[in-house]
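Working notes, structure below.
None of the figures in this text is laboratory data; all of them are computed from the coordinates on show. The model shown is predicted, which means the values in this text are computed figures rather than measured ones. Because the Cβ atoms are built from the backbone with ideal geometry, glycine has one as well, and the counts that use them run over all protein chains shown.
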Amino acid sequence: MDPDPGGNLYDTATFKACLLTVAFSSLYFYKTGKQEIPFKPPTPVPDTVVVTVIKAKPPAKKKKTIYLTFDDGPNKGTRNVKRIITAGQLPVTLFVIGEHVYGSNYQSSIYDSVSRDTLFEIANHSFTHAFENKYRQFYENPDSAVKDFARCADSLNLRTNIIRTPGRNIWRTDSSRKTDIKSSEATADSLYAHGFKAIGWDLEWHFNTDQRLVQSADDMLKEIDLAFANRQTNMPDHLVILAHDQIYSNSDDSCSLHTFIDQLKQRDSFEFNFISQYPGVGKP
Ligand SMILES: [Zn+2]
């Protein structure tokens, strides 16, 4: 029996080939003097860190909002008010009296004109202006006061529920409740309960018995600054100005209105809006 069926290992062709390879390799390195180059890892290149310094912009200063409102129109000053507001291109709110719209052809036509103008927002100043200035009688009876505002809204087909109470600085919104004369409180509450939002004013541009303005445009600017600085407005950073339509039929006083609006617009810290955008008024 052959004890090694695979034959002698040293006789195989594979073994012989390996032996020859080792021999030739040794001879090559011996003759060339070359040595195997040891593995050398690549030198790491340091990362370049580019730092870009972005300067944070200072936060934009919040603007203060001014709501310019005119009561008692349509009246003899409406045409001038419209001309001046159109030149100034700022939004204003007109609190109109229902009776005045039907007072004359001029009043009807100027009312139509401002109603169609996107710079003017129309709101409700009652139908009869407290039974033609009978304030005590008007505010003693909540039901008839509510009916008077509803009559104005219906007859003019007003889409707003925003009102200004004649002769009284009353606030009734979702966030304000103030009454200047206590005896008017029941009527003010009743108006609010019937869905009306009453907007008073923070600053009035007064007029005297000759129907002339009391403050100059500069005086008004100073009063605005003081009211904001002393936080005397109904809502911080919001200021409602009451002006009266009829006063601006006078050319000097309409010039004052023009100057006032120019000066207001030069202030970067102010923006202007309709009274429907006042906080707490909500959707009509
Ligand atoms: Zn009025």
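Here segment 64-277 yields Rg over Rh of 0.94, to two decimals, using C-alpha coordinates and the Kirkwood radius.
Fully extending the segment from Gln137 to Ser190, taken as 0.36 nm per residue of separation minus the present Cα-Cα distance, adds 17.5 nm. Using the Cβ-Cβ distance between Thr259 and Ile54 with R0 set to 51 Å, the FRET efficiency from 1/(1 + (r/R0)^6) comes to roughly 0.75. Taking 0.36 nm per residue of separation and subtracting the Cα-Cα distance, full extension of the segment from Arg116 to Ser104 would add 2.5 nm.
Of the peptides 221-233, 161-173, the order by per-residue mean of other Cβ atoms within 10 Å, starting with the highest, comes out as 161-173, 221-233. Where in segment 105-131 is the amide nitrogen less than 15 Å from a point lying 7 Å along the Cα-to-Cβ axis of Ile181? 129-131, by backbone N distance to the label point.
Determine the alpha carbon to alpha carbon distance for each of Lys82/Lys222; Lys64/Lys265; Lys82/Lys265; Lys62/Lys197; Lys62/Lys178 and list only those over 23 Å. Pairs exceeding the cut-off: Lys82/Lys222; Lys62/Lys197; Lys62/Lys178. Potential lengthening of the chain between Gln232 and Gln89 amounts to 48.7 nm, from the contour at 0.36 nm per residue minus the alpha-carbon distance.
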